[in-house]
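Okay, structure first, notes after.
The values are calculated or read from the model by the stated rules, or taken from the named source; none is laboratory data. If you're wondering where the values come from, they're calculated on a predicted model, not measured in any experiment. For neighbour counting, all protein chains shown are included, and Cβ atoms are generated from backbone atoms with ideal geometry for every residue, glycine included.
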């Protein structure tokens, strides 16, 4: 479990070095931008960023709920909320010292493996 000392050891933020991949550079630039916008630090930062992510994902869900309830889908409003979700994803990557591009690649690899194994449906992490 991460404690306050662990968080402080990460420093203000820890963004991996730039790669030659333009997508990775774009994500790194965005992570640096996000870092200039964060308002909390240390233990409070981890909580605020995590709760922010959950809250913004909830706002996306609210917009989708209105589609089923009212029959209207506001794509522009959803896109704004997805931007907020992306902000908090980047902020969490920063505070934890994780590489956003690597997270995306690992997710792609996992999903490709599941598709090849015909296990996209189902439950459990190791399928």
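If I filter segment 6-18 for residues that are modelled with pLDDT of 95 or more and either surrounded by 13 or more Cβ atoms within 10 Å (Cβ to Cβ) or under 14 Å from the mean Cα position of the chain (by Cα) (or both), do I get at least one hit?
No.
Could you give me the residue pairs with C-beta distances under 8 Å whose first residue belongs to segment 102-127 and is closer than 30 Å to residue 22 by Cα, whose second residue is assigned to a loop (DSSP other than H, G, I, E, B) wherever it lies, and which are 6+ apart or on separate chains?
Between residues of segment 102-127 that are closer than 30 Å to residue 22 by Cα and residues that are assigned to a loop (DSSP other than H, G, I, E, B), the close pairs are 102/16; 111/120; 114/120; 114/127.
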